[in-house]
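Visitor: Encoded as structure tokens, here's the structure I'll be asking about.
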Amino acid sequence: MKISAYEKTNQSTSMWAYPLCLLVVLLCVHYYVGVLTWPIHGEDAQRHFNTALGTSLLTSLFWLTIRIIHKNVASTLISILVATNQLSHFTLHKNRLSHQFIHHVIVATGIGLCMPIFYMVAENLISRIHEPEVFIIAITSILFWLLFVLFLLQIFTNTFYLRRLVTRTISEPQQELVLLKSVLSMALANSVMALTGLAIAPVFWINKVVPLFDLIVLFMFFISASMYLLWPMVQLSRRIHQVSKIIVADQENEINTLIASKHVVLPPSVVSERIESLETKKEALMLSLKKIRRLLVVLCLAPFPISWFLFKCVEFFWWR
């Protein structure tokens, strides 16, 4: 399985082609062993159907998201290095990120091998491992958990790496603010994809009564996942706020200086125009900070209701 790490993509189809092929293969395998059949008879058959469909969709989506994350990280990293005249260091940073990626693959593989065992024990499926549908679900869920854990690790650490790179290499507030916003845009794009993908999770309860315990666990999972995904952006937002305060303070000092020198050095019209320009920039900066905070709150609260809405839509069309 090819998972490109921080390399440029020359073909427009290569970003989604492999995950799409994986989805088709997984669905075909589950169909061949009799898991994806219609009509569905019995609770076990429904549970196997939901698990096979949900893990197939999410596995492919996590792979696609990881590839998009790598592309976005590479593009943002190049922007930062170009702005700081350090483009020759791109290979160095790419190697560091790739080494980190290999470490994450090892960790994710270990978790991916353990989680199917825990699932089968919890669902009392160990004694049925000889059945083709149970065996195939267990094997394919290894890939699901591997890519899920890898996706979580990558989306968190890459944002942290780029934020640290900007804050450590740039001392000029205006430039740092611009680059931090580019990192935040990348993190927002990645998190929107991630949270949208997590909205698929309720497919595991299609055509089944959702126990209250499962509903509570699902809600807690979405809150935890949202906080985990958004925590790097919260840190970015804090740093942007700190840098913005420095810039605003500089602008206010400049305004005060201009007011003091209004009748001494510069013509009044020039001073007034400059003061108005600085005030406009200051207001725009504070407005952008408010928008960032609101967006983070929306992203944190949105996944659960969106996913449940999609779940109800699927159930509605399922019974039509």
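The values are calculated or read from the model by the stated rules, or taken from the named source; none is laboratory data. Predicted model, so just to flag it, every value in this text is computed and none were measured. Glycine gets a Cβ as well: all are built from the backbone with ideal geometry, and neighbour counts include every protein chain shown.
Visitor: Criterion first (among the basic types (Lys, Arg), at pLDDT 80 or above and in the same structural domain as Ala83 (by TED's automatic domain parsing)) does Arg128 satisfy it?
Guide: On the way: among the basic types (Lys, Arg): yes; at pLDDT 80 or above: no; in the same structural domain as Ala83 (by TED's automatic domain parsing): yes.
It is false that Arg128 is among the basic types (Lys, Arg), at pLDDT 80 or above and in the same structural domain as Ala83 (by TED's automatic domain parsing).
Visitor: Here is a follow-up. Quick test for you: out of Ala260, Ala189, Ala199, pick the one residue that is modelled with pLDDT under 75 and surrounded by fewer than 17 Cβ atoms within 10 Å (Cβ to Cβ).
Guide: Ala260
Visitor: Suppose we filter Tyr161, Tyr119 for residues that are among the hydroxyl-bearing types (Ser, Thr, Tyr) and free of Cβ contacts under 8 Å to residues at least 24 places away in the same chain; which single one remains? It would help to see each step written out before you state the result.
Guide: Values: Tyr161 fails: free of Cβ contacts under 8 Å to residues at least 24 places away in the same chain.
None of the other options fit; the residue is Tyr119.
Visitor: Something else about it: When His93 is evaluated against the numbered criteria (1) more than 20 Å from the chain's Cα centre (by Cα); (2) more than 18 Å from Asn158 (Cβ to Cβ); (3) in contact (Cβ under 8 Å) with a residue 24 or more places away in the chain, which criterion, by number, is the only one it fails?
Guide: Of the numbered conditions (1) more than 20 Å from the chain's Cα centre (by Cα); (2) more than 18 Å from Asn158 (Cβ to Cβ); (3) in contact (Cβ under 8 Å) with a residue 24 or more places away in the chain, the odd one out for His93 is (2).
Visitor: Only one residue in Ile102, Ile78, Ile69 is out of contact with any helix residue (DSSP H, G or I) (no Cβ under 6 Å at 6 or more places or on another chain) and either closer than 18 Å to Ser182 by Cα or not assigned by TED's automatic domain parsing to the domain that holds Arg163 (or both). Which one?
Guide: Values: Ile102 fails: either closer than 18 Å to Ser182 by Cα or not assigned by TED's automatic domain parsing to the domain that holds Arg163 (or both); Ile69 fails: out of contact with any helix residue (DSSP H, G or I) (no Cβ under 6 Å at 6 or more places or on another chain).
Just a single option satisfies the conditions, and that option is Ile78.
Visitor: Hey, another quick one. If only one of Leu53, Leu58, Leu36 is surrounded by 16 or more Cβ atoms within 10 Å (Cβ to Cβ), in a loop (DSSP other than H, G, I, E, B) and assigned by TED's automatic domain parsing to the domain that holds Leu125, which one is it?
Guide: Details: Leu53 fails: in a loop (DSSP other than H, G, I, E, B); Leu58 fails: in a loop (DSSP other than H, G, I, E, B).
The match here is Leu36.
Visitor: It is to be established whether one or more residues within the range 9-21 are surrounded by fewer than 18 Cβ atoms within 10 Å (Cβ to Cβ), out of contact with any strand residue (DSSP E or B) (no Cβ under 9 Å at 6 or more places or on another chain) and at pLDDT 90 or above. Please lay out each step first, then the result.
Guide: Narrowing the range 9-21 to residues surrounded by fewer than 18 Cβ atoms within 10 Å (Cβ to Cβ): 9-17, 20-21.
Those still in the list that are out of contact with any strand residue (DSSP E or B) (no Cβ under 9 Å at 6 or more places or on another chain) too: 9-17, 20-21.
Now narrow it down to the ones that are at pLDDT 90 or above: 21.
Yes, the range 9-21 contains a residue that is surrounded by fewer than 18 Cβ atoms within 10 Å (Cβ to Cβ), out of contact with any strand residue (DSSP E or B) (no Cβ under 9 Å at 6 or more places or on another chain) and at pLDDT 90 or above.
Visitor: Okay, moving on. Checking Thr169 against (1) at pLDDT 75 or above; (2) surrounded by 19 or more Cβ atoms within 10 Å (Cβ to Cβ), which test does it fail?
Guide: Answer for Thr169: the failing condition is (2).
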